[in-house]
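*Asks:* Dropping the structure in here first, questions after.
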Amino acid sequence: MREINCETSNCEHNLKCKCLAGVISVGENAKCTSRIKRDGGPLAQSFADIEASDDLFEEEKLESLVQCSAPCCFNNGGVCAHTAIDVRDSLFSAKCKSFVKK
């Protein structure tokens, strides 16, 4: 999957709203279980976004595998078959907002 839009405010893999993790896991309740909180929290996230070069985001560099165990219509044998997903903060975690229940 090439396009993972990530709007979490505190994740080690998130840089300028793009997920840089090579393998992402989405759990049964559409929770992003790959999220790793940044040392320094949301403030460190802001600094990382400011300092990041746009060269990091060439499309061929952003290929990721999304493993999924959610009961979603895009779940194809444990792998997300959607062309793009959105991940955003919820009250206590980051969740896949592209989730569509079967």
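The values are calculated or read from the model by the stated rules, or taken from the named source; none is laboratory data. Note that this is a predicted model, so its numbers are computed, not measured. Quick reminder, even Gly has a Cβ in these numbers, built from the backbone with ideal geometry, and neighbours come from all protein chains shown. Ligands, DNA and RNA are stripped out before the accessible areas are found, and what is left, the full protein with its side chains, is counted by its heavy atoms. Shrake-Rupley method; radii C 1.70, N 1.55, O 1.52, S 1.80 Å.
*Asks:* Applying the selection to segment 1-50, what residues are among the basic types (Lys, Arg), part of a loop (DSSP other than H, G, I, E, B) and either open to solvent by less than 30 Å² (accessible area, probe 1.4 Å) or more than 22 Å from ASN75 (Cβ to Cβ) (or both)? Please lay out each step first, then the result.
*Replies:* Filtering segment 1-50 for residues among the basic types (Lys, Arg) gives 2, 16, 18, 31, 35, 37-38.
Filter again for part of a loop (DSSP other than H, G, I, E, B), leaving 2, 16, 35, 37-38.
Result: LYS16, LYS37, ARG38.
*Asks:* If you don't mind, there's one more thing I want to ask. Of everything in segment 64-102 that's modelled with pLDDT under 95 and open to solvent by 100 Å² or more (accessible area, probe 1.4 Å), which residue is nearest to the chain's Cα centre (by Cα)?
*Replies:* THR83
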